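K.L.:
Below is one structure. I have some questions about it.
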Amino acid sequence: MSTGETTISEGSFDEKPVQEEREQIEIDLLLEGIHRFYGYDFRNYAMPSLRRRILHHVDTEHMNSISELQHKVLHERAAFKKLVQSLSIPVTEMFRDPSLFKMFREKVVPLLRTYPYIRIWHAGCSTGEEVYSMAILLHEEGLYEKSRIYATDMNERSLQQAKEGVYGIEKMKLYTKNYMEAGGTRAFSEYYTARYNSVMLHPYLRKNIIFAEHNLATDRSFNEFNVIFCRNVMIYFNDELRRHVHGLFHESLSRLGVLVLGSKESIHFSGYSEDYEPMDRVEKIYRKLK
Ligand SMILES: C[S@@+](CC[C@H](N)C(=O)[O-])C[C@H]1O[C@@H](n2cnc3c(N)ncnc32)[C@H](O)[C@@H]1O
């Protein structure tokens, strides 16, 4: 009896690591397959959150295992696209972290005024709210006409929504509050037309924005920029991919170019911290020195 009990408890004790090891092998194979077949590289995403998302996707798609998901994804492009949706986390807001936009107005805009032409890259722009916030800010500062904003993401569906510039009306209360806290000088409602349950941002805000698919893990630098925003994207990457992306940004920023990261992100341990100086440590605004 006692021997039996010991065997059962040892068995259940060992089962968890074995199960996790099996899952990890299945995840590695899934990511390898996706990379080889579709060219999307998720292999250097931070594993704990990636694992959670994959398991959640298996669950919501009513599949029995990651191997079943792998089979489906490799045989059906639609299943692959659905998985990309689940792995991309398109959470965003207009004037998200309002104090950052306020500081940007105070500290970066005076610098931008001195340039004949301004190029800004929003990497990982999701559904566009951050980009339109920038367009409004530049418009109010009289800089929009001489600006080009490049808004990129790996998620095709999010980009489509970004291009349309149509958002739920229920979000306007929060966005108006953010806009005011970010130093907005007008009535926020000047920037959209409400229709039933949604609002459409005015098309003039889109005039100088170029939306394009770009994958930070696999695509190269495509221009030189005065400002790069990449907020709440690299938190999902491991150290190796973060270093790679910082390399891409370093290569893409002009001298004295400005890099803006998310509130939980930092230039430290990027491999490039010596090449930047903080313009605002709290808001994660850095200027490239060399
Ligand atoms: C949480 S949203 C951040 C949106 C916005 N920057 C903000 O802070 O509100 C993260 C975005 O990063 C994008 N993303 C994730 N991995 C990417 C990659 N390798 N290349 C380009 N975009 C990526 C996702 O598709 C998603 O839209």
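The numbers here are math on the coordinates, done by the rules we state, and not lab data. All of these numbers come straight from a predicted model, not from anything done at the bench. Cβ placement follows ideal geometry from the backbone for every residue including glycine, while neighbour counts extend to all protein chains displayed.
K.L.:
Conditions first: (1) polar (S, T, N, Q); (2) within 11 Å of the ligand (Cβ to nearest atom); (3) exposed (fewer than 14 other Cβ atoms within 10 Å of the Cβ). Thr152 passes all but one, so which condition is the exception?
P.N.:
(3)
K.L.:
Related question: Determine whether the range 117-132 contains at least one residue that is surrounded by fewer than 18 Cβ atoms within 10 Å (Cβ to Cβ) and not aliphatic (A, V, I, L, M).
P.N.:
yes
K.L.:
Can you list the helices (runs of 4 or more DSSP H) lying wholly within the range 50-111 that have 1 or more residues being exposed (fewer than 15 other Cβ atoms within 10 Å of the Cβ)?
P.N.:
The qualifying helices (runs of 4 or more DSSP H) are 66-75, 77-87.
K.L.:
Can you find a residue in the range 148-159 that is in a helix (DSSP H, G or I), among the acidic types (Asp, Glu) and in contact with a strand residue (DSSP E or B) (Cβ under 8 Å, 6 or more places away or on another chain)?
P.N.:
Scanning the range 148-159, I find at least one residue that is in a helix (DSSP H, G or I), among the acidic types (Asp, Glu) and in contact with a strand residue (DSSP E or B) (Cβ under 8 Å, 6 or more places away or on another chain), so the answer is yes.
K.L.:
A further question follows. Just the residues that are of a type in the set (A, V, I, L, M, F, W, C) and exposed (fewer than 15 other Cβ atoms within 10 Å of the Cβ), please, taken from the range 167-176.
P.N.:
Ile169, Leu174
K.L.:
Collect the residues in the range 221-261 that are under 17 Å from Ile285 (Cβ atoms), in a helix (DSSP H, G or I) and touching a Leu at 6+ places or on another chain (Cβ under 7 Å), keeping them in residue-number order.
P.N.:
Phe249, the sole residue that qualifies.
K.L.:
Continuing with the same structure: Among the residues that make up the range 177-186, is at least one of them within 16 Å of the ligand (Cβ to nearest atom), surrounded by fewer than 17 Cβ atoms within 10 Å (Cβ to Cβ) and closer than 29 Å to Arg36 by Cα?
P.N.:
Among the residues of the range 177-186, not one is within 16 Å of the ligand (Cβ to nearest atom), surrounded by fewer than 17 Cβ atoms within 10 Å (Cβ to Cβ) and closer than 29 Å to Arg36 by Cα, which makes the answer no.
K.L.:
Pairs only if they're at least six apart or on different chains, beta carbon under 6 angstrom, first in the range 263-290 and touching a residue at least 24 places away in the same chain (Cβ under 8 Å), second of a type in the set (Phe, Trp, Tyr); list them, first residue then second.
P.N.:
Correct list of pairs: Tyr286/Tyr276; Lys288/Tyr276.
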